[in-house]
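Please read the structure below before turning to the comments.
The values are calculated or read from the model by the stated rules, or taken from the named source; none is laboratory data. Since we're looking at a predicted model, the values are computed, not measured. We place every Cβ from the backbone using ideal geometry, glycine too, and count neighbours over all the protein chains shown.
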Amino acid sequence: MSAPTTSRADLFARVLDLGSRPNPYPLYAELREQPVSQQADGTWAISGFDEISALLHDPRISSDMDNASRAPRTGIRKSLIMQDPPSHDRLRRAVMTTFTPAVVESLRGDVRRLVDGSLDAIGSRTRLDVVDEIAYPLPVSVICALLGIPERDEALFHGWADTMARGLDLDPTMSQAELDAISHAATELSGYLGQLIAQRTQHPGNDLISGLLAGGARSEPVTGEDLVITARLLLIAGHETTVNLLTNGTLTLLRHPDILARFKSEPDLVVPMIEELVRYEPSVQFRHRATLADIEIGGATIPRGSTVVLLFAAGSRDSRHYTDPDRFIPDRTPNEHFGFGGGIHYCIGAPLARMEAQIVLPELVRRLDNPRLVADPPPYRPAAALRGPEHLWIDVDRILP
């Protein structure tokens, strides 16, 4: 079966364009009119819920983009989310053995103290930046504590993480200067983590790096470069996506005052509401894959060696799967979504992200008196795959105790 012709061959390129960052959803809607479409650069865009779900569980799809004949190379050694079995399974098992539900649960008190401290520090000011003052510092503090990174070093990671997040776009229009910046950031971060790992090798602590070095009953020790790239993944994924979840969540609530009012009187709404937030405004908008064989899907044949982009944010608004998919319905049921990916690469940090959001968002709603957006849309960060505002300024009458 041959590939269908399409007049929508530039839509994914337009998603990648910075001008689309405030609202890519109309472009996703156009893409869903043909859920499997080849783009002008040869990339295959998959935008339908059923098609994405099928490919997430298809062994003929690879997460290692070296299997694609045409994909930008960043020169960064691949973490487990960019690897296939068996290496992926070995590293994931080691992380899951160390990063347990009990570890996540033990952090609840710290998260509460951090959000209260952040809000208390605002004092009598009536304008704040949700990103810089709450959504960024809180998850960074949590993941650094988990990895055993000294608090004084947290500020180092902001620039490195933002630069490397841009690399996940695999944007063919990225300049050599951008690719070099991504490679440099990865080298700098890897160098820092290598020194930290050397310290933990000599003096183990109570942190995830020490746990990965030690191994466990169900996993081998993780050492050398494998440990560096795994720690790098945990550091970046552990805060980049949660920053966006908290910021996108606050922005969505402020854009829906009726739901904000309901949430104030029904705090237990938070659990289903978080699921709706990661469906409606997901932190991870898409991920790339490569085909290991010809695959027939959605009326097309995707050739072996092709670059495929799974548009999670598009699939999570597919009207073939959801009723009123473009409406934010905080207690939507059922609510299967791709907000945390799917298949063997389902987000390891999903329990931590959920827990942080379930604590932070109710506290913001409770303590911010009469919050209003200063700018809508707010400015967005450059990355398209990990999409979120760069700043979210809001005015309040006061910070309640």
- request: Could you please give the count of residues in region 125-160 that are out of contact with any strand residue (DSSP E or B) (no Cβ under 7 Å at 6 or more places or on another chain), closer than 28 Å to Asp395 by Cα, buried (at least 16 other Cβ atoms within 10 Å of the Cβ) and among the aliphatic types (A, V, I, L, M)?
  value: 5
Residue among Pro382, Pro377 that is over 25 Å from Pro101 (Cβ atoms), part of a loop (DSSP other than H, G, I, E, B), under 17 Å from the mean Cα position of the chain (by Cα) and not hydrophobic (A, V, I, L, M, F, W, C): Pro382
query: Name the residues in region 385-401 that are outside any loop (DSSP other than H, G, I, E, B) and either under 19 Å from Asn244 (Cβ atoms) or hydrophobic (A, V, I, L, M, F, W, C) (or both), would you?
result: Leu386, Pro389, Trp393, Ile394, Ile399
- line: Picking from Glu276, Glu266, Glu281, the residue that is under 24 Å from Ala350 (Cβ atoms) and surrounded by fewer than 21 Cβ atoms within 10 Å (Cβ to Cβ) would be Glu266
field: Residue count, region 365-385 (criterion: among the basic types (Lys, Arg) and within 30 Å of Asp169 (Cβ to Cβ))
entry: 1
query: How many residues are in a helix (DSSP H, G or I), surrounded by 21 or more Cβ atoms within 10 Å (Cβ to Cβ) and not charged (D, E, K, R) if we restrict to region 198-227?
result: 5
message: Which condition from (1) within 21 Å of Pro101 (Cβ to Cβ); (2) in contact (Cβ under 8 Å) with a residue 40 or more places away in the chain is the one that Ala214 breaks?
response: (2)
field: Odd one out for Leu170, checked against (1) outside any helix (DSSP H, G or I); (2) among the aliphatic types (A, V, I, L, M); (3) at pLDDT 90 or above; (4) over 18 Å from Leu361 (Cα atoms)
entry: (3)
message: Please go through region 14-25 and give me each residue that is of a type in the set (A, V, I, L, M) and crowded, with 18+ Cβ neighbours inside 10 Å, ordered by number.
response: Val15, Leu16
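Residues in region 377-389 that are within 13 Å of Val130 (Cβ to Cβ) and surrounded by fewer than 17 Cβ atoms within 10 Å (Cβ to Cβ): how many?
1
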statement: Of the conditions (1) in a loop (DSSP other than H, G, I, E, B); (2) touching a helix residue (DSSP H, G or I) at 6+ places or on another chain (Cβ under 9 Å); (3) at pLDDT 95 or above, the single one that His288 does not satisfy is (1)
message: Restricting to region 46-61, and then to whatever is hydrophobic (A, V, I, L, M, F, W, C) and closer than 15 Å to Arg317 by Cα, can you tell me which residue is surrounded by the fewest Cβ atoms within 10 Å (Cβ to Cβ)?
response: Phe49
field: Complete set of residues in region 101-124 that are within 23 Å of Arg398 (Cβ to Cβ), without any contact (Cβ under 8 Å) to a residue 60 or more places away in the chain and not hydrophobic (A, V, I, L, M, F, W, C)
entry: Arg113, Gly117, Ser118
